[in-house]
Amino acid sequence: MLCSWRVKLKLLLATVTLAILLSWLYLFVGSFEYGRFLLLPPCLGEQPSRDVERDALASRVRRVEEENQQLRLQLSQVQAEGSDGSPQWGTSAEDGDTPAGERSNRTACPKQRTVHKCELLHVAIVCAGHNASRDVVTLVKSILFHRRNPLHFHFITDSVAHQILQTLFQSWMVPSVHISFYNADDLKAGTYPTLPCPNPPEVSWIPNKHYSGIYGLMKLTLTKALPSSLSKVIVLDTDITFATDIAELWAVFGKFSDKQVIGLVENQSDWYLGNLWKNHKPWPALGRGFNTGVILLLLDRLRRLGWEQMWRLTAERELMSMLSTSLADQDIFNAVIKQNPALVYRLPCFWNVQLSDHTRSEQCYTEVSDLKVIHWNSPKKLRVKNKHVEFFRNLYLTFLEYDGNLLRRELFGCASLPSPPSNQLQQALEELDEDDPCYDFRRQHLVQHRIHLFFLQYEFLALPDPTDVTLVAQLSMDRLQMLEAICKHWAGPISLALYMSDAEAQQFLRYAQASEVLSARRNVAYHIVYKEGQFYPINLLRNVALANTQTPYVFLTDIDFLPMYGLYDYLRSSIQQLELPQRKAALIVPAFETLHYRLTFPKSKAELLSMLDMGSLYTFRYHVWPKGHAPTDYAKWRTATVPYRVAWQPDFEPYVVVRRDCPKYDQRFVGFGWNKVSHIMELDAQEYELLVLPNAFMIHMPHAPSFDISKFRLSTGYRGCLQTLREEFHQDLSRRYGAAALKYLTAERSL
């Protein structure tokens, strides 16, 4: 509206100017001819200066007339756009019917931001499974990068995506972002928590050939699935990338006519024209049809129109001849629009630049600034063929590897309250003393790391086996080479926490997908803990891996160790023989080490003892930290044939098998030192028996020293802070376990 009044004002000024110039020209020419007739001698004729002035004035009049015509054209375009709100395919709402080559030569209205900066924008996304949960993070990053408004994401998920995304957003803690989840299983079955009785199945009755499966039909149910109080929502596919502020798209709702309820971009391939191959028979569509990767839905109007019944009747009728959908919900949306074309608002095509096979998307943009939304809607995704695919791929990779921590920025000027966890964290940070020599250690303990659980496909189903055990470990990028070897040595389930940046997580993804060993395993859970802070949060990582196991028992180890062949089966039989479910015990797996990068791994205890005697193997850390494993009593182990009990001693840090509900690791210990010692101490405080297994072993493989151990060795301040944390841990242990914990403090002081 503001743009229209500006054009009208320009037109009025131009008209007045033209009238003045015409009057001036009339008077000037008339007076000139009259003066020449009366005053000039016939022999002189017209004076050259007068002739030039007259021509210049006439030229000025012509220019004003041309500008006047341009302004009239702009006014007609603005009025036409305001009346039906339906720009043609390949044009923007600002461009109208103007050819692309002429856009830069006309006066355009400046874009007006019609969405208040504190208005809450609603976005709905259907997301199911491990891969989609990974893809949707890149979409969310691109939205958060450009956004200036509070956002409410509505996720329709299966149980897998729900667990992953709930943990991710709780740990991400992005200000002014609200998250709601809706159970896709309820939508499939037609059951809703808010309704007293189950309904007929919503979408499970529709045959669908699309690779998205049944979840590709979920967008049809949003009028029921989303809260009745929600009047409008932007619906997005997970393979979308935003190149602009989503508020610009939200503002388009204001252009809908009274009858329009759905905003869509026209399909940019010939799919619905039915000419892609012989006997190709698509679902009915209006012209080229519409793509449903980006949808604007006026939910309140759709509910009043009886949307549920409308799409159901249409689907039932078309399925009688089509038998199944090929493009999931998109086929049904198009069939409804074919019958009711007045329902659709045609979005400019730059709101959904479709990079599919046979696409015509190049007609949507002439400059980079024209791009708004990129849609990777081909099954080939980033491998799709397109003239500008390298540019689009680089834009996508920018957000894929972008540090999500940088998106935790406040929206100033909006009165949205931070979440309680955010309040508590801020209060804890404010209570820290910045003059404390150990300030960095204490701050690291309070850092809230983003966590992406089950980063890769995970299909392990826990069996009702009371003896099953999961290997638990943590690692960073520099230990990635250990994964294949561990998988070859351990056949059972594995839970790993990986400390990585966003970019490193993508490198790991490519590494795992290219590895024949790793890609063949579906019982290895990879949990990404994103980097933040200056210390390696080793015990946080252990707790993340431990918390996401599904078996009754866990083998708590480190990534640098290779378990003996067959250890998984041996541990399960030992748990059963020792009747561990009826007792509180920790089974110790004796640790050894080699200094050789190439090792012929021993196949039995006898071979290991032989290598130990020959000097090619050693008891773990005997030459630098003997008391860490000395209580294992390696001399006794050499001849032992049955498990034997050992007593706790100061600094004892064996690798153990315990129940999954064992105490968590103390997260105040970061970097190097006392991170495992404190855990064994608490197991002893809870009166766990420490039992050494006679026929189990593990071998530590050599590697370069970590950055944290180098700091421990070189910095007296580092070692001093570690001592302070140890004393505080002792005090906390005494408060929790009373007099029984005094022995630990006494033992420490005696050393």
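The values are calculated or read from the model by the stated rules, or taken from the named source; none is laboratory data. Everything numeric in this text was worked out from a predicted model, so none of it was measured. Cβ atoms come from the backbone with ideal geometry, glycine included; neighbour counts cover every protein chain shown. Side chains are part of the model used for accessible areas, which takes the heavy atoms of the whole protein and leaves out ligands, DNA and RNA. Shrake-Rupley method; radii C 1.70, N 1.55, O 1.52, S 1.80 Å.
Restricting the range 629-662 to residues that are touching a residue at least 40 places away in the same chain (Cβ under 8 Å) and within 22 Å of His703 (Cα to Cα), the residue that is surrounded by the fewest Cβ atoms within 10 Å (Cβ to Cβ) is Pro654. Contact map, the range 555-575: residues that are open to solvent by less than 10 Å² (accessible area, probe 1.4 Å) paired with residues that are assigned to a helix (DSSP H, G or I) and not basic (Lys, Arg), Cβ distance under 6 Å, separation 6+ or inter-chain. Pairs shown: Ile559/Met482; Pro563/His489.
Only one of the numbered conditions (1) open to solvent by 80 Å² or more (accessible area, probe 1.4 Å); (2) modelled with pLDDT of 75 or more; (3) not charged (D, E, K, R) is violated by Ala415, and that is (2). Evaluate the following for Lys255: is it in contact (Cβ under 8 Å) with a residue 60 or more places away in the chain, more than 26 Å from Thr238 (Cβ to Cβ) and in contact with a helix residue (DSSP H, G or I) (Cβ under 9 Å, 6 or more places away or on another chain)? When the stated conditions are applied, Lys255 passes them.
Considering (1) more than 30 Å from Cys721 (Cβ to Cβ); (2) in contact with a strand residue (DSSP E or B) (Cβ under 8 Å, 6 or more places away or on another chain); (3) open to solvent by less than 20 Å² (accessible area, probe 1.4 Å), the lone condition that Ser515 does not fulfil carries the number (2).
With respect to the conditions (1) touching an Asp or Glu at 6+ places or on another chain (Cβ under 8 Å); (2) of a type in the set (Val, Ile, Thr); (3) outside any helix (DSSP H, G or I), Val517 falls short on a single one, namely (3). Does at least one position in the range 270-284 carry a residue that is in the same structural domain as Ile374 (by the TED database) and within 22 Å of Leu299 (Cα to Cα)? No; the residues of the range 270-284 include none that is in the same structural domain as Ile374 (by the TED database) and within 22 Å of Leu299 (Cα to Cα).
Leu471 meets the stated requirement of being more than 27 Å from the chain's Cα centre (by Cα), under 18 Å from Pro563 (Cβ atoms), open to solvent by less than 10 Å² (accessible area, probe 1.4 Å) and modelled with pLDDT of 95 or more. Listed by first and then second residue, the pairs with beta-carbon distance under 7 Å, at least 6 apart or on different chains, first residue in the range 312-327 and over 25 Å from Leu302 (Cα atoms), second surrounded by 13 or more Cβ atoms within 10 Å (Cβ to Cβ), are Met322/Trp283. A single member of Glu316, Glu308 is open to solvent by 10 Å² or more (accessible area, probe 1.4 Å), of a type in the set (D, E, K, R), part of a helix (DSSP H, G or I) and in contact with a Lys or Arg (Cβ under 7 Å, 6 or more places away or on another chain), and it is Glu308. Selection of first residues in the range 687-712 that are at negative phi and not assigned by the TED database to the domain that holds Tyr634 and of second residues that are charged (D, E, K, R) and buried (at least 17 other Cβ atoms within 10 Å of the Cβ), restricted to Cβ pairs under 6 Å at least 6 apart or on distinct chains, gives an empty result. Residues that are in a loop (DSSP other than H, G, I, E, B), in contact with a helix residue (DSSP H, G or I) (Cβ under 8 Å, 6 or more places away or on another chain) and farther than 15 Å from Gln550 by Cα within the range 441-497 comprise Gln448, His449, Arg450, Phe455, Leu456, Gln457, Leu480, Trp490, Ala491, listed in sequence order.
For the range 169-189, indicate whether the set of residues that are more than 21 Å from Val233 (Cβ to Cβ), outside the structural domain of Tyr458 (by the TED database), surrounded by 16 or more Cβ atoms within 10 Å (Cβ to Cβ) and modelled with pLDDT under 80 is non-empty. Yes. Right, Gln448: surrounded by 17 or more Cβ atoms within 10 Å (Cβ to Cβ), out of contact with any Lys or Arg (no Cβ under 6 Å at 6 or more places or on another chain), farther than 21 Å from Leu518 by Cβ and modelled with pLDDT of 75 or more or not? It is false that Gln448 is surrounded by 17 or more Cβ atoms within 10 Å (Cβ to Cβ), out of contact with any Lys or Arg (no Cβ under 6 Å at 6 or more places or on another chain), farther than 21 Å from Leu518 by Cβ and modelled with pLDDT of 75 or more. Just one of the listed residues (Val265, Val235, Val252, Val294) is at pLDDT 90 or above, of a type in the set (Val, Ile, Thr) and over 30 Å from His130 (Cβ atoms), namely Val252.
Here's a check for you: in the range 274-293, which residue that is more than 15 Å from Ile337 (Cα to Cα) and touching a Gly at 6+ places or on another chain (Cβ under 9 Å) is most open to solvent (accessible area, probe 1.4 Å)?
Lys281
Take the range 698-718 and flag every residue that is surrounded by 14 or more Cβ atoms within 10 Å (Cβ to Cβ) and either touching a strand residue (DSSP E or B) at 6+ places or on another chain (Cβ under 9 Å) or of a type in the set (D, E, K, R) (or both). Selection gives Met698, Ile699, His700, Met701, Ser706, Asp708, Lys711.
Each residue in the range 269-305 was checked for being among the hydrophobic types (A, V, I, L, M, F, W, C) and assigned to a loop (DSSP other than H, G, I, E, B), and 5 pass. Here the condition is being open to solvent by 30 Å² or more (accessible area, probe 1.4 Å) and under 25 Å from Glu362 (Cα atoms); of Ser269, Ser326, it holds for Ser326 alone. For the range 672-684, the criterion of being exposed (fewer than 14 other Cβ atoms within 10 Å of the Cβ) and assigned by the TED database to the domain that holds Phe620 is met by no residue.
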